[in-house]
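Inspection log for the structure reproduced underneath, given as structure tokens.
The values are calculated or read from the model by the stated rules, or taken from the named source; none is laboratory data. Remember, it's a predicted structure, so these values are computed and weren't measured experimentally. Ideal geometry is used to build each Cβ from the backbone, glycine not excepted, and the neighbour counts take in all protein chains shown.
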Amino acid sequence: MSATRTTLAAVLLGATFFTAASADAQTLRWARVGDALTMDPHAQNEGPTHALNHHIYETLVGRDQAGEMIGVLATDWRIDPENENAWIFDLREGVSFHNGNPFTADDVVFSIERATSPTSDMKGLHSTVTGAEKIDDYTVRIVSSGPNPLLPNNLTNTFIMDEEWSVENDVVEPQDFDAGQETYAVRNANGTGPYVLAAREAEVRTVMRRNEDYWAIDELPVGPAEIVYTPISEAATRVAALLSGEVDFVQDVPVQDIERLSNEPGIRVNLGVENRTIFFGMDVGSDDLDTDDVEGANPFADLRVREAMNMAINREGIAQVVMRGQAMPAGIISPPFVNGWTEELNAYPEPDIAAARALMAEAGYADGFTATMHCPNDRYLNDEAICQAAVGAFGQIGIDVNLVSQSRSLHFPLISQEPPQTDLYLLGWGVPTFDSEYIFSFLYHTRDGASLGTWNPTEYSNPEVDAMIQSLASETDIAARDATIAKIWEQVKADTVYIPLHTQMLAYAMRESVDIPVDAENQPKMKYIEMAE
Amino acid sequence: MIAYILRSLAQGVLVLLVVAFIAFSMFRFVGDPVANMVGQEASLQDRQELRERLGLERPFPMQFVIFIGNAVQGDFGISYRQARPVSDLMRERLPATLELAMLSALFATVAGVGLGVYAAIRRDGFLANTVMTVSLVGVSLPTFLIGIGLIYIFAVELRWLPSFGRGQTVAIGWWTTGLLTESGLKSLVLPVLTLGFFQLTLIMRLVRSEMLEVMRADFIRFARARGIPERTIEFRHALRNTLIPVVTIAGLQLGSIIAFAIVTETVFQWPGLGSLFVQAVQFADVPVMAAYLVFVATVFVIMNLLVDITYVVLDPRLRGGRTLAK
């Protein structure tokens, strides 16, 4: 026994001599909740996957940290003067891939075709693109089935691969699960970007080294010589890793830790608006609901009920209490930097329970009714708590809500299925194109079974609105297009199809010697970051 | 003996099949993997096509038969989340989990037996009582809190030990080990303490009560009467007789340490099978979940078999075939 005690004491004593390894000033250790799913740039259309790939691969056009569109591999772009269905891109010259192959128009044509092929996850974004043609070595034409004013906006996450490399390694097409084996591109990468993939252990560690031959190495800081990217799924561990100096930058900071971290010496916290608005949706079109206690009628179909619900919600309360200040109350389901958002549209009603009750009585529901609300519990910041707050608010106006909170894998199919399996639900929506059309066509247009209305399980169907939404897709006159956008917003806001809650805020925490601003797309780009010597 | 082992093996295979079936039939409650696999722009038609490519549209019995057929050949399919063969993922993750589990079991057994014996011999001593009280904390505190607490003390405040990950590892063939590097060893300390703490207190309490029992037995009294030194009685005679039930419990506990390192692995971002499973559940990555559950069942079947065999070896009374049949 005394031997055991001695051993134990020795272990504890030995521990005192361990010291945390000091960080190399040129290495940036970056932690966030999840890993990129694959290095294949067209296999997954998912935020963290794109965020990592942006360091290795590049797109024709991209966004800077503030969300402004900029040329990356393209220097200029315009609608083809001879064909209004096509865009012409002038390509940057003198760029080469990490393996030394030169970047040319062939690679762009190849990548566009790959991104629109059947096994690509990017094809949904490019459903109207019919093909790409090489005009000369540094000019490319991308053709759509009709006029496509937003084509460049859709290209900001469509990465360009090297055709030769892809053919050599048999990754001409994104991975198909039928094949039953992984492809070379899942763990290997060859882009034109500022960083070269040095080591990749999925879910453990991804190491990238600075590409010293990067075409913009003289124009941009490209500060970190090395980036070590580590997924840490547990929130408390992630924060502990930053506090103990084992990582330099934590992207997903838990809401409850923001204040504590801001007060911690040596730690910097940057805040910004995220590209995601949280809202409730409900079945406004069906004749009867499955989950309510009203027979033969759908209370949500009555505009007055929806207005009453909209009035019952205390948005500022939710933002202050549930979100601890990390939310911006919203009056429409769009973040502020999206084309079409205005201060007036974003106005929301003050919570007014008496007026809401009056509206309910007017609609014939003075005694209220019961309904079931579906809510994810692992997708958005404090999603379940938001729903609980809303259940209380709806209860005050007589709507007795039965809350079902579950994992996103169970929640989202309820919404995306046809027919939808939910009458009242919470959803969050981001707008990668930074244009309202993206919101309209997925959330307001009638579900057509193909690509329109995929996320509109509300049965809201307004032929006039549908026609206006469709006209946006091909309207190349920007002023006329913006006018239509404004008209659509007015109409759908008046119809109270959704009950907007807030736009999420983002917090990045890092050691004080680096300063990484919150990226509008939540895709921090280390090429803009300086490292203190 | 051989017949006995064969019978146990047959039972084991049956258990595996039942586990696979139950696990498989529960996957539909985990959710729809397709929702996680496609981007938000995917059309209903794209989703349907992917469902068909993944074989999710087939009737459940057929999916199960295909799964078993492939699993027998060692093919557990492709992870929906990582797009890599599940068997590769499991093989990469196995060393991390085994290393953690083995060291935890070793720590729990050595420290548990030592402290248990001490607490039994000095049953009224101040230190022994303190140890017993502290052990209550180990039994009642959830692993999660112990882990976070250790991280806070040793990583954030004292900065002696890393808070997450496995440190640097050395590859020996397909096996990776953290035992050969300084950072690997440092990284092991906190997870091993966290994972082993519950087992430690369990073994310690077991050893103590068994030891107290044995010390009251007649043969100890006779040994004392013969004038054998107290130390020899305690360690040669009493401890040896105490260990038989302890071996059983420790063996079975090793199975659960391997299988249920999930919480510890999640807290410490330990790249083992447990964290692989947690990620798979969140994503509804059915192939990974199925393979993991079959793996856990296999571990338990093997552990049970080994414990049964050890019984026979340890206890001559069990060697008659008839007794075993019962």
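What number of residues within segment A:36-71 are without any contact (Cβ under 8 Å) to a residue 60 or more places away in the chain, surrounded by 22 or more Cβ atoms within 10 Å (Cβ to Cβ) and part of a loop (DSSP other than H, G, I, E, B)?
Number of matching residues: 1.
Can you tell me which condition B:I78 does not meet? The list is (1) modelled with pLDDT under 90; (2) more than 30 Å from A:M122 (Cα to Cα); (3) of a type outside the set (G, A, S), and all the others hold.
All conditions pass for B:I78, except number (2).
Every residue, every condition in (1) more than 25 Å from A:V186 (Cα to Cα); (2) at pLDDT below 95; (3) over 27 Å from the mean Cα position of the chain (by Cα), yes or no:
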site: A:G67; (1), (2), (3): yes, yes, no
site: A:W87; (1), (2), (3): yes, no, no
site: A:N99; (1), (2), (3): no, no, yes
site: A:V108; (1), (2), (3): no, no, no
site: A:I142; (1), (2), (3): yes, no, no
site: A:E164; (1), (2), (3): no, no, yes
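Residues B:L89, B:L127, B:L145: which one is assigned to a helix (DSSP H, G or I) and in contact (Cβ under 8 Å) with a residue 40 or more places away in the chain?
On inspection, the qualifying residue turns out to be B:L89.
Taking B:F76, is it surrounded by fewer than 24 Cβ atoms within 10 Å (Cβ to Cβ) and either touching a Leu at 6+ places or on another chain (Cβ under 6 Å) or in a helix (DSSP H, G or I) (or both)?
no
A quick yes/no check of all residues on (1) of a type in the set (D, E); (2) within 7 Å of another protein chain (Cβ to nearest Cβ); (3) assigned to a helix (DSSP H, G or I):
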| position | (1), (2), (3) |
| --- | --- |
| B:V263 | no, no, yes |
| B:T266 | no, yes, yes |
| B:P271 | no, yes, no |
| B:F277 | no, no, yes |
| B:V281 | no, no, yes |
| B:M289 | no, no, yes |
| B:L293 | no, no, yes |
| B:F300 | no, no, yes |
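Output the residues belonging to segment A:476-507 that are in a helix (DSSP H, G or I) and β-branched (V, I, T).
Hits for segment A:476-507 are A:I478, A:T484, A:I485, A:I488, A:V492.
Given the structure, is A:E418 surrounded by fewer than 24 Cβ atoms within 10 Å (Cβ to Cβ), in a loop (DSSP other than H, G, I, E, B) and more than 10 Å from every other protein chain (Cβ to nearest Cβ)?
no
Working carefully through the options B:V38, B:V34, find the one that is more than 7 Å from chain A (Cβ to nearest Cβ), closer than 27 Å to A:M122 by Cβ and either touching a residue at least 12 places away in the same chain (Cβ under 8 Å) or surrounded by fewer than 20 Cβ atoms within 10 Å (Cβ to Cβ) (or both).
B:V34
Residues A:P152, A:P174: which one is under 23 Å from the mean Cα position of the chain (by Cα) and farther than 18 Å from A:P118 by Cα?
A:P152
Do you know which residues across segment A:43-61 are in contact with a strand residue (DSSP E or B) (Cβ under 7 Å, 6 or more places away or on another chain) and either within 16 Å of A:Y229 (Cβ to Cβ) or modelled with pLDDT under 95 (or both)?
A:P48, A:L52, A:N53, A:H55, A:I56, A:Y57
Tell me yes or no: at least one residue of segment B:155-173 is charged (D, E, K, R) and either crowded, with 21+ Cβ neighbours inside 10 Å or assigned to a loop (DSSP other than H, G, I, E, B) (or both).
yes
Restricting attention to segment B:28-44, which residues are assigned to a helix (DSSP H, G or I), within 19 Å of B:Q279 (Cβ to Cβ) and not small (G, A, S)?
The answer is B:F29, B:P33, B:V34, B:N36, B:M37.
Looking at B:L16, B:L56, which one is under 23 Å from the mean Cα position of the chain (by Cα) and more than 8 Å from every other protein chain (Cβ to nearest Cβ)?
Being under 23 Å from the mean Cα position of the chain (by Cα) and more than 8 Å from every other protein chain (Cβ to nearest Cβ) holds for just one of B:L16, B:L56, which is B:L16.
Can you confirm whether A:R276 is under 21 Å from A:L414 (Cα atoms) and among the basic types (K, R)?
yes
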